[in-house]
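Let me begin by presenting the structure, written as structure tokens, before commenting on it.
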Amino acid sequence: MAANTMLSDPATESDVNRLTAELRQLENEIDRLHAAFAEQELYIIDGYLVVVQPGTVAPLIGVCPTLGGVAQGGSLDEVASELRNAMQTVIEGRTASGVPVPPRDVDAKWLA
């Protein structure tokens with residue numbers, strides 16, 4: 001009975017409608033993000049996490065969030081090569097400028 005009384009109040013009903021609309025917006029944003037991230041693949045290059053996804057200008061784009069390096073290419077091998085070069089350029093530039101290089105995202109040793 002109390003729930004019906006609360007919903008009959010115009011302010012409360014307005015709040016419920018507003019919150020319902022906000023919830024729908026959040027659900028739509030979650031769906032959009034799921035779709036966007038579904039096409040991303042994660043890799044490690046020289047110990048740094050990289051994200052590769054379909055691009056708009058080139059078929060693929062690669063990004064190293066830790067270093068800020070970006071590259072594009074027509075194949076995964078091309079993107080990896082270009083991104084490795086971009087990452088090295090960032091590292092060299094930071095080192096030459098005395099700016100600390102961010103630590104690697106992954107510090108692991110390969111087993112033989």
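For region 59-73, residues that are touching a Pro at 6+ places or on another chain (Cβ under 6 Å) and part of a strand (DSSP E or B) total 0. Screening region 95-112 for residues that are surrounded by fewer than 12 Cβ atoms within 10 Å (Cβ to Cβ) and closer than 21 Å to Glu41 by Cα and picking the one that is farthest from the chain's Cα centre (by Cα) gives Ala108. The number of residues in region 74-112 that are of a type in the set (A, V, I, L, M, F, W, C) and either within 14 Å of Val50 (Cα to Cα) or in a helix (DSSP H, G or I) (or both) comes to 10. Beta carbons closer than 8 Å, at least 6 apart along the sequence or on distinct chains, pair a first residue in region 77-101 that is β-branched (Val, Ile, Thr) with a second that is part of a loop (DSSP other than H, G, I, E, B) and loosely packed, with under 13 Cβ neighbours inside 10 Å for Val90/Gly68.
Put simply, of Val57, Val51 the only residue that is loosely packed, with under 10 Cβ neighbours inside 10 Å and in contact with a strand residue (DSSP E or B) (Cβ under 7 Å, 6 or more places away or on another chain) is Val57. The combined condition, being among the small types (Gly, Ala, Ser) and closer than 30 Å to Arg94 by Cα, is fulfilled by Ala71.
For the subset of region 60-79 comprising residues that are crowded, with 19+ Cβ neighbours inside 10 Å and under 12 Å from the mean Cα position of the chain (by Cα), which member is farthest from Ala35 (Cα to Cα)? So the residue we want is Cys64.
Taken over region 26-52, the criterion of being part of a strand (DSSP E or B) and either among the hydrophobic types (A, V, I, L, M, F, W, C) or modelled with pLDDT of 90 or more (or both) is satisfied by Leu42, Tyr43, Ile44, Ile45, Tyr48, Leu49, Val50, Val51, Val52. Going by the structure shown, is Glu92 more than 21 Å from the chain's Cα centre (by Cα) and among the charged types (D, E, K, R)? Yes.
The values are calculated or read from the model by the stated rules, or taken from the named source; none is laboratory data. Nothing here was measured: the structure is a model prediction, and the numbers come from that model. No Cβ is skipped: glycine too gets one built from the backbone with ideal geometry, and neighbour counts run over all protein chains shown.
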